[in-house]
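The values are calculated or read from the model by the stated rules, or taken from the named source; none is laboratory data. No experiment lies behind these values; they were computed from the predicted model shown. Virtual Cβ from ideal backbone geometry, glycine too; neighbours counted across all protein chains shown. With ligands, DNA and RNA removed, areas are computed over all heavy atoms of the protein, side chains included. Shrake-Rupley method; radii C 1.70, N 1.55, O 1.52, S 1.80 Å.
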Amino acid sequence: MTRPVAKHTIVNGNQVYYELYTNPSSSHTLVLIHGFLSSSFSYRRMIPFLIHEFNILSVDLPPFGKSGKEIHYKYSYENLAQTVLQLTKEEHIHEFSVVGHSMGGQISLHIMRQAPERVHKGILLCSSSYMKRAKKRLIYSSFIPYFHLYVKLWLARSGVRSNLQNVVYNQTLIDDEMMFGYLQPFLEDDIFRALTRMIRDREGDLEEKALKEIRTPCLLIWGEHDRVVPLRTGKKLHQDLPNSKLVVLKEAGHLVSEEKPKEVADYMKEFIYGQKS
């Protein structure tokens, strides 16, 4: 596989890590955005099926992966979308298609709202949708000193293997590489302070009225057995996005980029170029 150019840069007040895969024969760029508690690591199995047709920018959203955990940064979806847009401008990417998994799908929708003229098409993989803002009691609790340690304890109790078992249908995919890849960003305390800030900043998912105003063509890809964002949510999102198509993958859960990488990539290529390999 073509090796990416890995970069760090300061964007919108936080350090952003990203990987660039350059394809001189392609004029089309994909911007990949991962989900909650994840990173660009989650796309490693899908990228090999895309690099021959696209340029790829895979982003670690703050505070995840190798990106910064600055506690003064605003971790709202609106601001995370603005950070991605600023990064694409810095890399002179003027038009692109955006791919977002889970929480990354919600941020992709914000990108389509903020800069519809720059987004060619949107691909939403089991996108989070219709989630409300955190309850006031939890937001107020996040101001308690050392609250970040409660966040750390909560994640430790759930465990990496348990979380992965919840997001994949085929449990045999869970190996040491996969477990360590998702565990590694949580080995230092800084991320838990940033996640505490995210509890306060996350504004909730876009409401129906806002979704109906998005005109960007969108492909929705869902796992039939998604336990995190159930298929019924995908069907409702398909109804609310006026220019969308829904594809349901058999024998797949929430983490479709890990479970069905070639199938997802083929649907993406068909949607963007009008042909399926």
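In this structure, does GLN184 turn out to be modelled with pLDDT of 90 or more and either under 20 Å from the mean Cα position of the chain (by Cα) or outside any helix (DSSP H, G or I) (or both)? Considered against the rule, which asks whether it is modelled with pLDDT of 90 or more and either under 20 Å from the mean Cα position of the chain (by Cα) or outside any helix (DSSP H, G or I) (or both), GLN184 comes out as no. Pairs meeting the criteria (first residue in the range 45-69 and under 24 Å from ASP175 (Cα atoms) and in contact (Cβ under 8 Å) with a residue 40 or more places away in the chain, second residue of a type in the set (Lys, Arg) and open to solvent by 30 Å² or more (accessible area, probe 1.4 Å), beta carbons under 7 Å, at least 6 apart or on different chains) are PHE49/LYS262; ASP60/LYS66. Within the range 129-154, residues that are hydrophobic (A, V, I, L, M, F, W, C) have Cβ atoms under 9 Å from residues that are modelled with pLDDT under 90 in these pairs: ILE144/TYR150; LEU149/ASP189, counting only partners at least 6 apart in sequence or on another chain. For the range 31-61, a tally of residues being of a type in the set (S, T, N, Q), part of a helix (DSSP H, G or I) and within 18 Å of VAL5 (Cβ to Cβ) returns 1. The residue of the range 226-248 that is surrounded by the fewest Cβ atoms within 10 Å (Cβ to Cβ), among those that are in a loop (DSSP other than H, G, I, E, B) and out of contact with any Lys or Arg (no Cβ under 9 Å at 6 or more places or on another chain), is ARG227.
Before we move on, is SER42 polar (S, T, N, Q), under 18 Å from PHE192 (Cα atoms) and within 18 Å of the chain's Cα centre (by Cα)? Against the criterion (polar (S, T, N, Q), under 18 Å from PHE192 (Cα atoms) and within 18 Å of the chain's Cα centre (by Cα)), SER42 does not qualify.
Consider the range 1-30. How many of its residues are among the hydrophobic types (A, V, I, L, M, F, W, C) and either part of a loop (DSSP other than H, G, I, E, B) or open to solvent by less than 50 Å² (accessible area, probe 1.4 Å) (or both)? The total comes to 5.
Each residue in the range 166-181 was checked for being more than 19 Å from the chain's Cα centre (by Cα), free of Cβ contacts under 8 Å to residues at least 24 places away in the same chain and surrounded by 14 or more Cβ atoms within 10 Å (Cβ to Cβ), and 1 pass. For beta carbons closer than 6 Å, sequence separation of 6+ or different chains, a first residue in the range 233-248 that is farther than 12 Å from GLY223 by Cβ and a second that is open to solvent by less than 20 Å² (accessible area, probe 1.4 Å) and polar (S, T, N, Q), the qualifying pairs are LEU237/SER129. Among the residues of the range 96-129, the ones that are over 26 Å from GLU263 (Cβ atoms) and not small (Gly, Ala, Ser) come to 6 in all.
Each residue in the range 97-118 was checked for being assigned to a strand (DSSP E or B) and buried (at least 24 other Cβ atoms within 10 Å of the Cβ), and 4 of them qualify. Filtering the range 199-218 to residues that are touching a Phe, Trp or Tyr at 6+ places or on another chain (Cβ under 9 Å) and open to solvent by 10 Å² or more (accessible area, probe 1.4 Å) leaves ILE199, ARG200, ASP201, ARG202, GLU203, ASP205, LEU206, GLU207, GLU208, PRO217. Screening GLU251, GLU270, GLU259 for residues that are of a type in the set (D, E, K, R) and either surrounded by 22 or more Cβ atoms within 10 Å (Cβ to Cβ) or free of Cβ contacts under 8 Å to residues at least 60 places away in the same chain (or both) leaves exactly one candidate, GLU270.
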